[in-house]
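So the structure is just underneath, and the comments pick up after that.
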Amino acid sequence: MASLHEQTTQTTYTDGLEEFAFPVGQIEWHFPDGKIEVLYPDSTKKVIHSNGTADIFFSDGVRVHEDIDGTRCVTDCRNAFTY
């Protein structure tokens, strides 16, 4: 049986973008500026910005923004709160 590493596809584009496709359905894009985007099989998308902040977008409309100090702001279609 092949390992996940052996089944992972990596594509490098001429502009420096790297794409990783995992057998579990996860896809990652690594941009030359340091930003990383991850698309999960359940349609959740995580964006890790080059400054260390992150945004997670869930398929139900919920968005989580995380600052580098760990502060999180959760937003949904009704309201926003910080914890």
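Calculate the spin-label point distance for His65 paired with Glu19, positioning each point 7 Å from the Cα along the beta-carbon direction, and give it in nanometres.
Distance between the two pseudo-spin positions: 2.9 nm.
Using θ = phi - 60° and the Karplus curve 6.51 cos²θ - 1.76 cosθ + 1.60, what whole-Hz ³J(HN,Hα) does each residue of segment 24-29 get, with Gly and Pro shown as x?
Working through the residues one at a time gives 7, x, 6, 10, 10, 10 Hz.
Fewest first, what order do Lys46, Lys35 take by the number of other Cβ atoms within 10 Å?
Lys35, Lys46
Under the Kirkwood approximation applied to all pairs of distinct alpha-carbon atoms, what is the hydrodynamic radius of segment 4-82 in Å?
Numbers: mean 1/r = 0.0723 Å⁻¹.
Value: 13.8 Å, from the Cα pair sum.
Starting at the first residue of segment 53-66, write each ³J(HN,Hα) from the Karplus equation 6.51 cos²θ - 1.76 cosθ + 1.60 with θ = phi - 60°, in whole Hz, x for Gly and Pro.
7, 9, 10, 10, 10, 9, 5, 8, x, 6, 10, 10, 10, 10
Compute the label zone of Arg72 within segment 10-45: residues whose backbone N is under 20 Å from the point 7 Å along Cα-to-Cβ.
The answer is 36-45.
What does the C-alpha gyration tensor say about the overall shape of segment 21-67? Classify as rounded when a/c is under 1.5, otherwise prolate if a/b is larger than b/c, or oblate. Intermediate results must be reported in sequence, preceding the final value.
Values: a/c = 3.33, a/b = 1.10, b/c = 3.04.
In terms of gyration-tensor shape, oblate.
Please list, by residue number, everything in segment 6-22 whose backbone N is under 17 Å from a paramagnetic label point 7 Å out along Cα→Cβ of Thr44.
Residues passing the 17 Å test: 22.
Within 10 Å of each candidate Cβ there may be at most 11 other Cβ atoms; applying that plus a DSSP loop requirement, which chymotrypsin sites (Phe, Trp or Tyr not before Pro) in segment 1-55 survive?
Working: sites: Tyr13, Phe20, Trp29; in loops: Tyr13.
Within segment 1-55, the qualifying chymotrypsin sites (Phe, Trp or Tyr not before Pro) (loop, at most 11 other Cβ atoms within 10 Å) are Tyr13.
Throughout, read-outs are computed from the coordinates displayed, never taken from laboratory work. Remember, it's a predicted structure, so these values are computed and weren't measured experimentally. Neighbour counts run over all protein chains shown; Cβ positions are idealised from the backbone, glycine included.
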